[in-house]
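These notes concern the structure reproduced below.
What follows is calculated from the coordinates using simple rules that are stated; it is not laboratory data. Computed from a prediction, not measured in an experiment: that's the story for all the values here. Glycine gets a Cβ as well: all are built from the backbone with ideal geometry, and neighbour counts include every protein chain shown.
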Ligand SMILES: *Cc1c(COP(=O)(O)O)cnc(C)c1O
């Protein structure tokens with residue numbers, strides 16, 4: 001092929017793809033595979049290359065191709081950011097070196113004296129950064145029951161600057177009404193952030209329901225293969241994006257190109273994985289519900305879940321996260337069950353292709369004081385399950401043998 005016809009091909013591919021990626025009506029799977037990604041203009045490489053570079057050539061000072069230094073911008077990371085933003089129906093995305101770095105960046109929008117209203121059942125690391133880091137900078141956090149969003153009103157004052165929610169909550173699978181909290185936040189003129197890690201953009205899109213910012217631990221469902229730690233923020237508000245970008249670049253919690261590439265590769269199958277997580281989740285939950293060794297089960301797909309109607313309204317399916325409370329089990333008995341799985345792996349984290357078992361009281365939620373966590377049901381005999389995408393027969397067999405151990 002001549003150089004000219006090769007260049008024409010690349011040109012056509014690039015224009016075709018940028019038309020594709022800007023089309024609003026694109027559906028989820030198409031966006032997961034294409035959004036933010038164009039064949040590489042110099043080689044035509046279909047997969048976005050790993051741009052392993054810290055810096056970029058400038059023709060004369062300030063005359064560059066949009067990239068100056070990789071703490072601020074990197075093409076591999078940019079492709080991932082645009083893809084995640086697109087899946088959340090938002091315009092702007094920022095990727096971080098962890099979910100906690102993303103959370104840290106949002107909290108830096110606050111000033112001493114500001115107050116935050118948040119839920120009483122939170123990811124342990126979020127609770128820790130709120131109480132052990134940002135309280136030291138004069139910010140006050142109210143941890144409240146958000147099952148009834150009206151509860152927020154009694155904590156609102158002119159000091160309230162942020163409402164931060166997580167839904168489904170971790171680990172007791174409370175479902176918080178995203179739109180109802182959004183209406184209260186909007187009315188009060190307060191910034192509203194939703195941690196959408198547990199649902200993933202496949203199951204719900206908080207921006208469409210009134211959130212100003214969506215936060216993700218990309219480590220979990222989005223990347224999906226337990227091989228990378230990363231976070232993200234997305235927003236539709238350009239001014240807010242600029243403020244967040246300032247802290248992202250100024251403080252530097254940004255990920256490298258290799259990790260960005262891995263997450264970008266993972267995201268292409270998010271829709272396929274989520275379908276399988278939901279289907280296996282449904283079967284595992286149904287099996288466990290009538291199991292004699294189980295006292296209580298938390299999964300939003302059950303009609304007797306207290307907020308099932310809200311889950312039905314705001315989620316496309318119910319996901320693969322399930323928590324169980326073992327009947328008459330001491331901490332020792334619970335450890336014994338947690339340690340006797342053969343297919344499920346006892347480990348922190350969730351959302352990967354492999355099924356995981358976690359003991360929140362001593363693992364993910366170990367940083368929350370016992371009396372605080374027990375109030376919301378994170379008891380010593382609670383086990384959290386992240387149902388993976390293995391064959392369901394093997395998962396059920398493994399549960400049966402472990403519960404009978
Ligand atoms: C894991 C997790 C985080 C933190 O993300 P990292 O990538 O581990 O830093 C925040 N929120 C939720 C709900 C999580 O599960």
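Taking label positions 7 Å along the Cα-Cβ direction at both residue 289 and residue 208, the computed distance is 2.6 nm, reported to one decimal. Highest mean packing comes first when the peptides 206-213, 161-168, 50-57, 284-291 are listed by Cβ atoms within 10 Å, giving 161-168, 206-213, 284-291, 50-57.
Panel values: the chain, Kirkwood radius from alpha carbon pairs, Stokes-Einstein at 10 °C and 1.306 mPa s, translational diffusion coefficient 72 µm²/s.
Each of 109, 122 was scored by other Cβ atoms within 10 Å of its Cβ. Listed from fewest to most, they are 109, 122.
GNM remark for the chain: springs join alpha carbons under 10 Å apart, and the peak mean-square fluctuation among 77, 293, 265 falls on 293. Considering only alpha-carbon pairs that sit under 8 angstrom and 6 or more positions apart, the relative contact order computed for the chain is 16 percent. I need to check one value: relative contact order of the stretch 115-157, counting alpha carbon pairs closer than 8 Å and at least 6 residues apart, in percent. Computed value for the stretch 115-157: 52 percent relative contact order.
Measuring between their Cα centroids, the stretch 96-171 and the stretch 188-248 lie 14 Å from each other. Only Cα pairs under 8 Å and 6+ residues apart enter the sum, and on that basis the relative contact order of the stretch 98-245 stands at 25 percent. Across the alpha-carbon atoms of the stretch 345-387, the computed radius of gyration and Dmax are 10.7, 33 angstrom. Computed over the stretch 75-267, the Cα gyration tensor eigenvalues convert (square root of 5λ each) into semi-axes of 25, 18, 16 Å, ordered from largest to smallest. Going from the residue with the fewest nearby Cβ atoms within 10 Å to the one with the most, 321, 100 rank 100, 321. For the chain, the mean residue ellipticity at 222 nm estimated from helices alone is -11000 deg cm²/dmol, where every DSSP H run of n ≥ 4 contributes -39500 (n - 2.57) and the total is divided by all residues, rounded to the nearest 500.
Rounded to the nearest 5, what % of DSSP beta bridges with both residues in the stretch 75-267 are antiparallel? Here the share of antiparallel DSSP bridges comes out near 35 percent.
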